[in-house]
Amino acid sequence: MAYHAALYVFVFLPLCAVAYQAAPERHRWKVLLGFSWLFFYVISGKLIIYLIGTTLLTHYTGIWLSLLKMQEKADREHADRTEKREIKKKYQKKGRAVLATGVLLLLAVLGYLKYYNFFVDNISAVTESLSLPLSFEAKSLILPIGISFYTLQAVGYMADVYWGKIKAEENLFRTALFLSFFPQIMEGPICRYTDTAEQLFTGAPLNYENLSDGCVRIFWGLFKKKVVADRLSVPVAAVFGHYGDYHGAVIAAAAVAYTVQLYMEFSGCMDIVIGSGKIFGICLPENFRQPFCARSAAEFWRRWHISLGTWFKTYIFYPVSMSGIVKKWSQFGKKHGGKYVTQLGVSAMALFPVWLCNGLWHGARWSYIFYGMYYFTLILLGIAVKPGRDRILKICHIREDALYWRIIQTGKTWVIIFTGELFFRADGLRAGIAMFRSMFDGFEIRQFWDGTLLNLGLGRADFVAVAAGCIAVAAVGHLRERGGTVNGRLGQIPTPVRWCVYYALIFAVLMLGAYGDGYQAVDLIYAGF
């Protein structure tokens with residue numbers, strides 16, 4: 001039961017809304033919990049045991065950390081200044097041990113299920129090449145849907161309790177709802193406790209405005225998924241699945257098509273997720289902010305999969321930046337290397353684990369690790385050349401906000417994005433390298449319009465539908481980039497006209513969606529990460 005399925009949109013979600021509204025206000029969060037666990041059980045069956053285990057570990061680790069803080073406060077109450085410092089050190093050490101235990105247990109489960117076979121295969125390849133008498137067998141492991149998302153959410157919760165940013169939740173089932181809220185369990189966004197906890201447990205009644213906004217957002221997401229993403233999956237699968245048969249502009253077109261497909265599907269899914277939450281008065285954080293308006297690789301990742309980037313920044317980048325080894329390098333660099341070298345070194349040390357984890361988080365493949373290192377290199381290179389770049393712009397009297405310069409920077413970023421997604425989608429790193437090379441073999445720009453692309457499974461009508469969908473999404477994105485909102489604009493027009501827009505959106509999904517012969521149901525891409 002995926003978010004874009006009719007069963008979810010027309011049966012599960014309405015039933016949940018009815019049960020939620022019918023329940024007493026103080027019990028409505030329990031309805032959400034019941035439907036969340038039902039949703040997870042339907043898609044994962046007995047694998048719900050992993051979610052339950054994660055909930056128990058997360059909850060009681062938080063309770064343990066809170067008890068340590070209470071004990072520390074009691075011990076410090078009548079202590080002198082020297083004793084207080086010693087007490088603080090003692091409890092910090094205990095707290096770190098508790099936090100480390102909880103985090104490592106969570107990551108051990110995730111690592112075993114997601115990466116065991118990857119490491120076994122690579123170790124076996126090394127031992128075989130060295131003729132060593134060692135062999136390891138791969139195992140048939142089943143990965144629960146959403147485990148990467150709710151594991152990061154659980155780790156963030158425990159860290160926030162340890163840092164004193166939040167109090168540990170005392171009710172086990174409330175912790176369970178925070179980790180398993182059904183709209184976000186499969187693909188995020190990855191929330192912090194402060195993002196959603198108060199809204200989840202308030203039990204606010206349904207109202208017309210939330211229902212209207214939520215439903216419009218859901219059908220906007222379905223429009224992206226059904227009209228654009230699912231159509232583009234056909235030529236993308238054809239080229240990436242048989243890349244040896246194609247070269248030149250066809251490979252480039254496939255890279256662009258996959259990037260658009262991924263964005264339309266993932267952002268469309270986020271629209272459905274956020275719209276589902278909105279129905280219950282729960283405002284989930286936005287996960288995209290017009291990423292194709294970015295003018296650099298770093299800005300792109302501040303706009304794309306925002307919740308994942310925020311999580312890495314909060315729980316990896318900042319702690320590494322404040323770690324002892326980075327501080328020692330900073331002191332050494334200032335004495336011997338100067339400000340520029342010091343800043344570059346600090347940036348490299350803090351960014352490397354972020355992008356390594358980013359690559360690994362997406363999956364156990366060398367192409368994903370390469371993808372992470374690709375952006376690490378580009379972002380670090382951007383930091384390295386910034387002083388010289390700024391000097392050149394000043395000498396040439398080029399303004400950063402000049403239209404022509406913005407267009408150049410955005411175009412450059414598009415090339416970076418399309419290239420990265422080519423390696424991301426390719427069936428392994430070797431396939432990605434082969435496709436990248438073949439893109440420059442016999443490149444003929446006329447292949448974009450001479451009918452060559454019509455041999456990839458889509459007809460002219462399909463390309464027209466995709467183009468129209470992209471234009472509509474771009475128009476909405478342009479409005480948002482300028483600070484406007486679609487709901488705000490719709491609210492300003494007469495009610496009959498507004499409802500015509502709503503019906504047009506619904507019929508676009510029903511009439512223009514990729515259904516019928518030649519189209520197969522396309523699974524959500526990020527549900528597999």
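The values are calculated or read from the model by the stated rules, or taken from the named source; none is laboratory data. Every value quoted in this text rests on a predicted model; they were computed, and no experiment measured them. Note that we place each Cβ from the backbone using ideal geometry, even for glycine, and neighbour counts take in every protein chain shown. Areas reflect the complete protein model, heavy atoms only, side chains present, ligands, DNA and RNA absent. Shrake-Rupley method; radii C 1.70, N 1.55, O 1.52, S 1.80 Å.
Results, tabulated for the structure shown:
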{"quantity": "Shape call, region 359-495: gyration tensor on alpha carbons, a/c limit 1.5", "calculated": "oblate"}
{"quantity": "Rg and Dmax [Cα atoms of the chain; Å; Rg one decimal, Dmax integer]", "calculated": "25.3, 84"}
{"quantity": "Overall form of region 405-453 per C-alpha gyration tensor (a/c, 1.5; a/b vs b/c)", "calculated": "oblate"}
{"quantity": "Given charges at beta-carbon only (K, R positive; D, E negative), |dipole| of region 118-232 in Debye", "calculated": "300"}
{"quantity": "Directionally averaged projected area (convex hull, Cα atoms, region 347-410), nm²", "calculated": "5.4"}
{"quantity": "Charge-dipole axis of region 391-486 as Lys and Arg at +1 and Asp and Glu at -1 on Cβ define it, positive-most pick from Gly483, Thr413, Cys396", "calculated": "Cys396"}
{"quantity": "Magnitude of the charge dipole, the chain, Cβ model with Lys/Arg +1 and Asp/Glu -1, debye to 20", "calculated": "2120"}
{"quantity": "Spin-label pair Ala467/Glu444, simplified geometry with 7 Å Cα→Cβ offset, distance in nm", "calculated": "2.1"}
{"quantity": "Relative contact order (%) - criterion: Cα under 8 Å, at least six apart; region: the chain", "calculated": "19"}
{"quantity": "Cleavage-rule hits (GluC sites (Glu not before Pro)) in region 1-83: DSSP loop, at most 12 neighbouring Cβ within 10 angstrom", "calculated": "Glu77"}
{"quantity": "Length-normalised contact order of region 144-257 in % [C-alpha pairs under 8 Å, at least 6 apart]", "calculated": "22"}
{"quantity": "Shape box of region 210-293 [Cα atoms, principal axes, largest first, Å]", "calculated": "50, 23, 14"}
{"quantity": "Selection from Ile87, Ile147, Leu105, by position along the positive dipole direction of region 79-167 (Cβ)", "calculated": "Ile87"}
{"quantity": "Restricting region 113-185 to chymotrypsin sites (Phe, Trp or Tyr not before Pro) in coil, as DSSP defines it, with at most 15 other Cβ within 10 Å", "calculated": "Phe136"}
{"quantity": "Radius of gyration and Dmax over the Cα atoms of region 1-122, both given in Å", "calculated": "21.8, 65"}
{"quantity": "Those trypsin sites (Lys or Arg not before Pro) in region 91-159 that DSSP places in a loop and that have at most 15 other beta carbons within 10 Å", "calculated": "Lys139"}
{"quantity": "Rounded, prolate or oblate (a/c below 1.5 giving rounded, otherwise prolate when a/b exceeds b/c) for region 303-428 by Cα gyration tensor", "calculated": "oblate"}
{"quantity": "Student exercise, region 25-110 dipole from Lys, Arg, Asp, Glu Cβ charges, in Debye to nearest 20", "calculated": "200"}
{"quantity": "Carbon + sulfur, % of accessible area of the chain - ligands and nucleic acids excluded, 1.4 Å", "calculated": "64"}
{"quantity": "Stretch gain in nm, segment Glu86-Cys396, where the contour uses 0.36 nm per residue and the Cα spacing is subtracted", "calculated": "105.7 nm"}
{"quantity": "P(r), alpha carbons of region 33-191 - 10 Å bins starting at zero, rounded %", "calculated": "10, 31, 25, 18, 12, 4, 0"}
{"quantity": "Per residue accessible area in Å² of region 87-174, where ligands, DNA and RNA are left out and the probe is 1.4 Å", "calculated": "57"}
